[in-house]
Amino acid sequence: MTGQLNPKSRQDPFGRKINRTHSPLLAHSLPWATIVLGSLVPLLPVIAPGPVLPPFGFMLMIGWRLIRPGLLPSWAGFPLGLVDDLFSGQPFGSGILLFSLAMLALEILEERFPWRGFWQDWITAALMIAGYLVSAAVLSGVAPGPRLVPLILPQTLLSILLFPILARVIAWLDALRLTRIRSLG
């Protein structure tokens, strides 16, 4: 009776739990890093006659905030908007203003409607993305009027349709963020 009893007796469906814990570095830095990487997307060599690339940094910030409401603090819009301003080509300060206003609006929304479903999150994200794109276009110097609509309509529609896929990627990254890693000590 001195042999090994059951090799799976110390396992659970998620792997061994003994000597495993969440990595604080991964848990706290992954959302910030993905948003910064999303803000770097405008550096890709995409040639188009008009704006078609979605604002991935803004969409990732909205997605992280909607999926994990308490993860990013309310002041996170300032540094994330600053990074987005440095790489997006928008006038300096527009990203800071729009990211900060979006974070405050999401904070108010979370206070008012703490339980939401997928459709409410998608509608919220769609309205915020459309408002962000229109505001960014106006702040960059485009005259508001009927000429603005066909200019940003493809980018707005693509961004709204891409948001559920992006939310799925964020959910996968959130599961990765909370994986248990072997701890030494």
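Bear in mind these aren't lab numbers, they're just calculated from the coordinates by the rules spelled out. Nothing here was measured: the structure is a model prediction, and the numbers come from that model. Note that we place each Cβ from the backbone using ideal geometry, even for glycine, and neighbour counts take in every protein chain shown.
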Boolean, Ile165 is surrounded by 14 or more Cβ atoms within 10 Å (Cβ to Cβ), part of a helix (DSSP H, G or I) and of a type in the set (Val, Ile, Thr): no
Ser100 closer than 21 Å to Pro49 by Cβ, assigned to a helix (DSSP H, G or I) and touching a Phe, Trp or Tyr at 6+ places or on another chain (Cβ under 9 Å): no
Taking Ala126 and the conditions (1) within 19 Å of Leu72 (Cβ to Cβ); (2) assigned to a helix (DSSP H, G or I), which numbered condition does it fall short on, given that it satisfies the others? (1)
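A quick yes/no check of all residues on (1) among the charged types (D, E, K, R); (2) over 13 Å from the mean Cα position of the chain (by Cα); (3) in a loop (DSSP other than H, G, I, E, B); (4) surrounded by 21 or more Cβ atoms within 10 Å (Cβ to Cβ):
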site	(1), (2), (3), (4)
Ala33	no, no, no, no
Val52	no, yes, yes, no
Trp64	no, no, no, yes
Pro69	no, no, yes, no
Pro114	no, yes, yes, no
Asp121	yes, no, no, no
Unmet criterion (only one of (1) in contact with a His (Cβ under 9 Å, 6 or more places away or on another chain); (2) assigned to a helix (DSSP H, G or I); (3) not hydroxyl-bearing (Ser, Thr, Tyr)) for Ile181: (2)
